[in-house]
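For reference, the structure is listed below as structure tokens.
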């Protein structure tokens, strides 16, 4: 997949399952400023952790993707949708160029 997409994914083998875990990852994002953040929400109760990490990614001006599978989040998800014209909206080209230069 790395060669086909022109990006390298680094996965953290530790889950973000508590506020302490979210603060650990938030500090890591602040200190290392990765090229992007991919969050996959598995538990409806972890929205506060996702909020923190999305806020930190926004402050660091890095792209963030929040994936919420059907059946995980019950209720509205409008708060997590942003039009492309607001804040930071990376393109595939941006991801590829960052990965190529990294």
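Here, each number is a calculation from the coordinates, and none is a lab measurement. What you see is a predicted model, and the numbers here were worked out from it, not measured in a lab. We place every Cβ from the backbone using ideal geometry, glycine too, and count neighbours over all the protein chains shown.
Note on segment 1-67: Kirkwood radius taken over Cα pairs, Stokes-Einstein applied at 20 °C and 1.002 mPa s, translational D equal to 172 µm² s⁻¹. With both labels modelled 7 Å from their Cα along Cα-to-Cβ, the residue 18 to residue 52 distance reads 1.1 nm.
Between residue 61 and residue 11, residue separation times 0.36 nm minus the direct Cα-Cα distance comes to 16.0 nm.
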